[in-house]
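Since every read-out is calculated from the coordinates, none of them should be taken as a lab result. These numbers were taken from a predicted model, which means no experiment stands behind them. Here Cβ is always computed from backbone atoms with ideal geometry, including for glycine, and neighbour counts include all displayed protein chains.
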Protein chains: 2
Amino acid sequence: MALEHAILVSLTERAGSGYELARRFDRSIGFFWPATHQQIYRVLRRMDDAGWVTHTDVAQEGRPDKKVYEVSAAGREELTRWLAEPVDIAVLRDGLSVKIRGASLGDTAAVLREVERHRGEHAALLEVFRGIQRRDFPKPAKLNGRELHQYLVLRGGVRAEESFLAWCDEVIEAMRSERS
Amino acid sequence: MALEHAILVSLTERAGSGYELARRFDRSIGFFWPATHQQIYRVLRRMDDAGWVTHTDVAQEGRPDKKVYEVSAAGREELTRWLAEPVDIAVLRDGLSVKIRGASLGDTAAVLREVERHRGEHAALLEVFRGIQRRDFPKPAKLNGRELHQYLVLRGGVRAEESFLAWCDEVIEAMRSERS
DNA sequence: AGGTGCACTGCAACTAGTTGCATAGCTAGA
DNA sequence: TCTAGCTATGCAACTAGTTGCAGTGCACCT
């Protein structure tokens with residue numbers, strides 16, 4: 001019930017095709033609201049039917065035609081309405097924690113390697129976030145409005161990844177000394 | 001594909017009925033792998049058919065009969081197999097971030113109140129985690145095996161909530177000074 | 001006496017999200 | 001030259017998860 005709104009937010013920042021939106025979801029808004037291109041196409045169609053967005057067919061040379069979507073007045077109204085109502089608190093689904101919890105029922109060394117691998121993935125993600133921060137928000141003290149809000153969300157990502165990394169280190173250290 | 005394994009881990013720790021599992025998911029393992037009672041009943045049935053668990057009907061006085069599930073040899077084998085293969089990295093779905101990002105398109109004061117509300121929810125959750133930590137793991141340095149692993153997962157929850165709270169404070173401060 | 005809530009299971013209908021594939025032409029590298 | 005990958009959309013079939021309801025009987029509160 002909120003992919004719609006994530007798309008509306010993204011389309012308000014800039015009009016785009018389903019494909020472009022899927023790319024954006026891979027790189028920015030999808031870090032805290034993941035979505036596949038299939039899901040995005042489906043929801044765009046639904047929103048088009050509901051009149052929250054409109055599309056323009058754009059012919060391209062050497063590429064398939066695309067449909068560029070933009071938010072309609074009804075879409076902006078829906079977004080405003082949604083912004084004023086409560087959202088569910090964040091949902092985390094972390095298989096790694098399940099694994100750690102069950103580690104002693106299997107190969108604990110393999111679980112430890114998994115933790116190290118996840119640490120690597122999260123370190124890479126943190127670097128991505130820091131790169132965006134350096135490039136887009138070099139002077140955070142001067143921000144306000146939309147840019148400030150984007151920056152704050154990014155800060156949430158940075159904090160979450162930093163905290164995850166620190167946790168991985170704690171787990172790795174504890175599991176290593178347990179095994180030795 | 002991993003609720004099965006979360007249930008297997010939980011049932012290995014202690015046998016239980018679908019209802020009891022649903023309670024456990026509300027209080028512990030479900031913090032990083034949420035599930036409703038419906039989903040749990042359905043998956044239990046599937047695992048029973050697959051032979052990963054067995055059930056015993058237990059008649060009770062003044063209450064409906066219950067089916068107490070326990071992990072079979074095939075279930076333990078499946079769990080071991082799963083523990084050795086890679087898991088997807090954690091998925092976060094956070095509507096609050098979407099809202100903050102879209103805040104300037106609506107009532108920013110309302111979004112700020114939402115952040116404060118979420119801060120409260122997460123502070124309560126952190127207290128729950130700390131309570132479990134005090135009660136179940138007063139001497140963390142002495143832990144090993146299953147208890148150590150449970151403790152480490154709990155530490156992940158504590159760290160995640162602490163980090164979330166700090167982020168909320170940063171957001172609240174930035175949005176307040178922006179508005180004044 | 002009546003209502004609420006808990007314990008326990010489950011069906012039915014729904015929404016959301018995933019996976020695999022198809023099409024099509026262009027570009028860049030081995 | 002052949003393969004792989006990107007841009008672009010979408011169908012079909014699937015799995016996962018949610019929501020609403022139903023039944024039963026006990027305990028507890030008002």
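General remarks:
- Residue list for the range A:45-75, restricted to those being at positive phi and without any contact (Cβ under 8 Å) to a residue 12 or more places away in the chain: A:Gly62
- In the range A:6-19, the residues that are over 14 Å from B:Ile100 (Cβ atoms) form Cβ pairs under 9 Å with partners that are surrounded by fewer than 23 Cβ atoms within 10 Å (Cβ to Cβ) and of a type in the set (Phe, Trp, Tyr), at six or more places apart or across chains, as follows: A:Ile7/A:Phe25; A:Leu8/A:Trp82; A:Gly18/A:Tyr41; A:Tyr19/A:Tyr41.
- Taken over the range B:72-99, residues that are more than 7 Å from chain A (Cβ to nearest Cβ) and surrounded by 19 or more Cβ atoms within 10 Å (Cβ to Cβ) amount to 3.
- None of A:Val9, A:Val43 is in a helix (DSSP H, G or I), within 12 Å of another protein chain (Cβ to nearest Cβ) and within 22 Å of the chain's Cα centre (by Cα) except A:Val9.
- Within the range B:145-177, the only residue that satisfies the criterion of being at the interface with chain A (Cβ under 7 Å from one of its Cβ atoms), closer than 20 Å to A:Lys142 by Cβ and in contact (Cβ under 8 Å) with a residue 60 or more places away in the chain is B:Val171.
- Taking the criterion of being without any contact (Cβ under 8 Å) to a residue 12 or more places away in the chain and in contact with a helix residue (DSSP H, G or I) (Cβ under 8 Å, 6 or more places away or on another chain), the only residue of the range A:32-44 that qualifies is A:Pro34.
- Residue selected from the range A:54-71 under the condition more than 10 Å from DNA strand D (Cβ to nearest atom) and more than 15 Å from A:Gly16 (Cβ to Cβ), by the criterion surrounded by the most Cβ atoms within 10 Å (Cβ to Cβ): A:Ala59
- Residues in the range B:25-41 that are more than 7 Å from DNA strand D (Cβ to nearest atom), out of contact with any Leu (no Cβ under 6 Å at 6 or more places or on another chain) and not acidic (Asp, Glu): B:Phe25, B:Arg27, B:Ser28, B:Ile29, B:Gly30, B:Phe31, B:Trp33, B:His37, B:Tyr41.
- Looking across the range A:12-40, just one residue is part of a helix (DSSP H, G or I), within 12 Å of DNA strand C (Cβ to nearest atom) and of a type in the set (Ser, Thr, Tyr), and that is A:Tyr19.
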